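Written below as structure tokens is the structure these notes are about.
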Amino acid sequence: MINRHFVIAAIALACAVAATSAQQNPFLGRWNLTGTGENSSYVYWLELKQEAPGKLTGMFLNRGGHPLPLPTVKIENGELIFQTAPPRSGTAPEYHARLQGDKLTGSVKLGERTVEFVGVRPPKWPAADANAPHKLGTPVELFNGTSMDAWDVQDKKKPSGWSIVDGAMTNTPHANNLISKQKFQDYKIHAEYKLEKDSNSGIYIRGRYELQVLDDFGKEPFDRSHMSVYGWHAPAVNASKPVGEWQTMDATIVGNKVTVTLNGQKVQDNSTLEAITGGALDANESEPGPVMIQGDHEKVTYRKVTVTPITDTRK
């Protein structure tokens with residue numbers, strides 16, 4: 001028979017060892033990384049864990065896509081060094097970083113360009129509930145079928161690639177991404193859109209967290225399906241409509257929580273926004289941000305986008 005006091009003592013010891021390990025390795029945990037100077041649009045996310053004594057593991061969001069495991073991550077002489085999976089040809093770039101106070105500063109050489117970056121800890125969010133009753137402000141029509149004046153584009157050096165056709169704004173494939181001129185903190189968003197075959201778009205809340213827009217009617221949901229929190233939370237069900245049919249999404253974002261309804265079915269239920277997603281405009285998570293609509297993939301058509309600010313999150 002196992003001695004109960006022995007088990008408790010063993011658990012306490014394991015916790016103490018884990019806490020000591022974290023204290024001894026201040027690199028552990030999550031970091032939001034942002035390029036400096038002209039590279040400020042380079043936004044990354046990093047998580048480091050001590051899986052066992054001497055075994056360091058990491059997950060890395062390399063600007064786009066979703067977080068992937070790091071095949072190489074180590075600390076040598078007080079410097080963090082990590083690499084992503086190698087490309088089809090050549091070697092993967094090597095990231096170097098050191099701690100400076102409560103920040104992580106480092107650099108990576110990407111071809112002829114050296115990108116310097118600064119890492120900070122993600123915010124510690126207060127308790128929030130996207131499903132709670134909230135006091136609402138005046139709705140803001142970002143698109144109502146007649147004007148795109150509420151939008152700017154992400155890449156100022158590139159044509160918009162968007163136009164209004166039959167009361168809806170639509171893109172040519174691989175156009176610019178649309179960014180609302182107005183920024184929002186906590187709010188409800190309503191969008192109506194339709195997709196072409198194999199279309200892929202996204203609605204970014206606060207410009208940092210992508211709700212995936214995808215032609216995936218009839219497919220099994222996963223963490224990059226239609227109305228997933230991209231790379232983090234799969235939708236509860238596949239609520240997509242077939243190609244060419246108008247679809248409706250409604251989302252509520254409060255703090256780091258989001259609830260989403262797609263075509264009348266709840267697909268995200270007070271889901272936690274774990275971290276920025278690929279393509280985030282910045283990593284300033286606690287600040288208001290714009291709505292961004294992806295236009296740089298295939299053709300998608302939006303006939304309505306409305307944001308209603310939440311003015312009081314208290315019940």
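The values are calculated or read from the model by the stated rules, or taken from the named source; none is laboratory data. Keep in mind it's a predicted model, so treat the numbers as computed, not measured. Note that we place each Cβ from the backbone using ideal geometry, even for glycine, and neighbour counts take in every protein chain shown. Just the protein is used for accessible areas: all its heavy atoms, side chains included, with ligands, DNA and RNA removed. Shrake-Rupley method; radii C 1.70, N 1.55, O 1.52, S 1.80 Å.
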- Message: I'm trying to understand the selection: among the residues of region 143-189, which are touching a residue at least 60 places away in the same chain (Cβ under 8 Å), surrounded by fewer than 17 Cβ atoms within 10 Å (Cβ to Cβ) and either more than 21 Å from residue 248 (Cα to Cα) or among the polar types (S, T, N, Q) (or both)?
- Response: 144, 172, 173, 174, 181, 182, 183, 185
- Message: Among the numbered criteria (1) at pLDDT 95 or above; (2) more than 20 Å from residue 118 (Cα to Cα); (3) loosely packed, with under 13 Cβ neighbours inside 10 Å, which one does residue 37 miss?
- Response: (2)
- Note on the structure: Just one listed residue, out of 4, 63, 30, is closer than 26 Å to residue 229 by Cα, out of contact with any Leu (no Cβ under 6 Å at 6 or more places or on another chain) and modelled with pLDDT under 95, and it is 63
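I need the full set of residues from region 271-307 which are β-branched (Val, Ile, Thr) and surrounded by fewer than 19 Cβ atoms within 10 Å (Cβ to Cβ), in order please.
Once the filter is applied, which keeps residues that are β-branched (Val, Ile, Thr) and surrounded by fewer than 19 Cβ atoms within 10 Å (Cβ to Cβ), region 271-307 yields 272, 306.
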- Query: Assuming residue 56 fulfils every condition listed in (1) assigned to a strand (DSSP E or B); (2) out of contact with any Asp or Glu (no Cβ under 8 Å at 6 or more places or on another chain); (3) touching a residue at least 60 places away in the same chain (Cβ under 8 Å) apart from one, which condition is it?
  - Reply: (3)
- May I ask you to verify whether residue 177 is within 21 Å of the chain's Cα centre (by Cα) and within 17 Å of residue 298 (Cβ to Cβ)? yes
- In region 70-88, how many are in a loop (DSSP other than H, G, I, E, B) and aliphatic (A, V, I, L, M)? 2
- Note on the structure: For region 231-249, the count of residues that are under 20 Å from the mean Cα position of the chain (by Cα) and open to solvent by less than 40 Å² (accessible area, probe 1.4 Å) equals 3
- What are the residues in region 190-230 that are crowded, with 19+ Cβ neighbours inside 10 Å, of a type in the set (Lys, Arg), touching a Ser or Thr at 6+ places or on another chain (Cβ under 9 Å) and over 15 Å from residue 298 (Cβ atoms), if any? 208
